[in-house]
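Below is one structure, written out as structure tokens, with a few remarks after it.
The values are calculated or read from the model by the stated rules, or taken from the named source; none is laboratory data. It should be emphasised that the depicted structure is a prediction, and the values quoted were computed from it without experimental measurement. Neighbour counts run over all protein chains shown; Cβ positions are idealised from the backbone, glycine included.
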Amino acid sequence: MANLFQSVRGFNDVLPADNAIWQYLHNTAAEVFAAYGYGEIKMPLLEHTELFKRSIGEATDVVEKEMFTFDDREGQSLTLRPEGTASCVRAGLEHGLLHNQQQRLWYAGPMFRHERPQAGRYRQFYQLGVEAYGMAGPDIDVEIIALSARLFRKLGLQDLTLEINSLGSSESRAAYRAALVAFLQTHEASLDADSRRRMLSNPLRVLDSKVPATKEIVKDAPSILQHLDDASRAHFEGLQQGLSDIGIPFVVNDRLVRGLDYYTRDVFEWTTQQLGSQGTVCAGGRYDGLVEQLGGSPTPAVGFASGVERLILLLKAQGTALPSAAAHVYFCTLGEDGERAARKLAEQLRDQLPALRIVLHAGGGKLQAQLKRADRSGASVALILGGEEAAQQSIQVKSLRGDAQQTHCNWSELSGTLAGLLNLKA
């Protein structure tokens, strides 16, 4: 029988087997962020549309083509957030966190963009984001990148490349923009249609084109590094020195740009060769003008976002050992006395071994059928308890994954036996 409903295109379910990996990633990130003094902030999924038009830029692909925007019953234009930084700045201003203060914040949650769905790029996607406000020097840029590097190491990710660039100040970028447009206009006939459209509205994005012919053309485009003002150049040199001081290798990529208008000065990406065209696993940089642009006082800011789905794809591609959602123990029961005793004993085990994942069989049935269900559950151990064992306060312990012999033990010894078999702490 065909399903009546399916999920909306680009909006995916996360099933229990994968949720264990999501929780592992989130918990690992929370530990790393806390180690650097970053506090978690939660923002709403819906914002006023004007927030993103003003911050991201009306000429960007995100605002022009990708936002999920609608009018509510009061006629207000609302948008499902396509990224987290604008919402974070709005929250900081609304609650008085940014004026003459330093803040280190992080967030996690879904974002929404109406893009063509593909592996690692969905219409509802999840991000981990880190933001630091009120610190103007390159030292905080170095910290942000060091934090991301530590996160990836702790997750066990390998073979990532850090690429950095500087977009300069708004004035130096305007001068570069004019030089770039002049160069692109000499090659206009050979550019792809999307790049021709962007050439005047958002020319720096042409440098990020994935079209082979356009990529070949922009190899000869002028470098933005040749147009940096003195302060931006000094800041970029400070970033490079700071990364070298703590042993983080990097590549200067003068074609690296960001797709959102608010970026200034240092920008960076962590990339991989193992995910095809979706090779960016983390991206960020400075946005020193954004707080003022949204109505606050001038406030330096820097941050990054990393896509959770893409990180998980990379973890799987690299064969990283990942946590399982499977139960440790499947509890088989026989007869009413066995069921009643097992229910009580299972609760005691959960008290004694908090990390233990235990499934108590429900629905009755023969022992052989229960053991088949136990095996399919992925559990490592089956416990077997019938009326006779209940009377004697003993239980059968059967290994489902190893060569250990089936044994009997007393209830008083069970938590210690399971802790040893499963390498759990009491």
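Some notes on this structure:
- Residue selected from the stretch 302-345 under the condition farther than 30 Å from Gln273 by Cβ and β-branched (Val, Ile, Thr), by the criterion surrounded by the most Cβ atoms within 10 Å (Cβ to Cβ): Thr333
- Checking Gln368 against (1) of a type outside the set (Val, Ile, Thr); (2) over 14 Å from Thr333 (Cα atoms); (3) without any contact (Cβ under 8 Å) to a residue 24 or more places away in the chain; (4) not in a loop (DSSP other than H, G, I, E, B), the condition it does not meet: (2)
Here's the yes/no breakdown for (1) surrounded by fewer than 22 Cβ atoms within 10 Å (Cβ to Cβ); (2) within 19 Å of Val32 (Cβ to Cβ); (3) assigned by TED's automatic domain parsing to the domain that holds His26:
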residue	(1), (2), (3)
Phe70	yes, no, yes
Gln76	yes, no, yes
Leu80	yes, no, yes
Ala86	no, no, yes
Gly96	yes, no, yes
Trp106	no, yes, yes
Arg116	yes, no, yes
Tyr126	yes, yes, yes
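- Checking each residue of the stretch 199-207 against the condition of being in contact (Cβ under 8 Å) with a residue 40 or more places away in the chain and either over 30 Å from Gln185 (Cβ atoms) or not in a helix (DSSP H, G or I) (or both) gives at least one match.
- The condition (being farther than 30 Å from Glu94 by Cα and of a type in the set (Asp, Glu)) is satisfied by just one residue among Glu237, Glu292: Glu237.
- Scan the stretch 414-426 for residues that are surrounded by fewer than 13 Cβ atoms within 10 Å (Cβ to Cβ) and in a helix (DSSP H, G or I) and the total you get is 1.
- Only one of the listed residues (Gly284, Gly247, Gly276) is out of contact with any helix residue (DSSP H, G or I) (no Cβ under 8 Å at 6 or more places or on another chain), within 24 Å of Ala317 (Cα to Cα), among the small types (Gly, Ala, Ser) and in the same structural domain as Leu294 (by TED's automatic domain parsing). That residue is Gly276.
- For the stretch 380-401, the criterion of being over 30 Å from Leu275 (Cα atoms), hydrophobic (A, V, I, L, M, F, W, C), at pLDDT 90 or above and within 33 Å of the chain's Cα centre (by Cα) is met by none of the residues.
Matching residues to (1) free of Cβ contacts under 8 Å to residues at least 60 places away in the same chain; (2) under 24 Å from the mean Cα position of the chain (by Cα); (3) assigned to a loop (DSSP other than H, G, I, E, B):
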| residue | (1), (2), (3) |
| --- | --- |
| Ala213 | yes, no, no |
| Glu216 | yes, no, no |
| Ala231 | no, no, no |
| Gly247 | yes, no, yes |
| Arg255 | no, no, yes |
| Tyr262 | no, yes, yes |
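- Conditions (1) outside any helix (DSSP H, G or I); (2) surrounded by 13 or more Cβ atoms within 10 Å (Cβ to Cβ); (3) not assigned by TED's automatic domain parsing to the domain that holds Thr161: number failed by Asp220: (2)
- Only listed residue being touching a residue at least 40 places away in the same chain (Cβ under 8 Å) and charged (D, E, K, R), chosen from Arg350, Arg310: Arg310
- None of Arg173, Arg153 is free of Cβ contacts under 8 Å to residues at least 12 places away in the same chain and out of contact with any Phe, Trp or Tyr (no Cβ under 8 Å at 6 or more places or on another chain) except Arg153.
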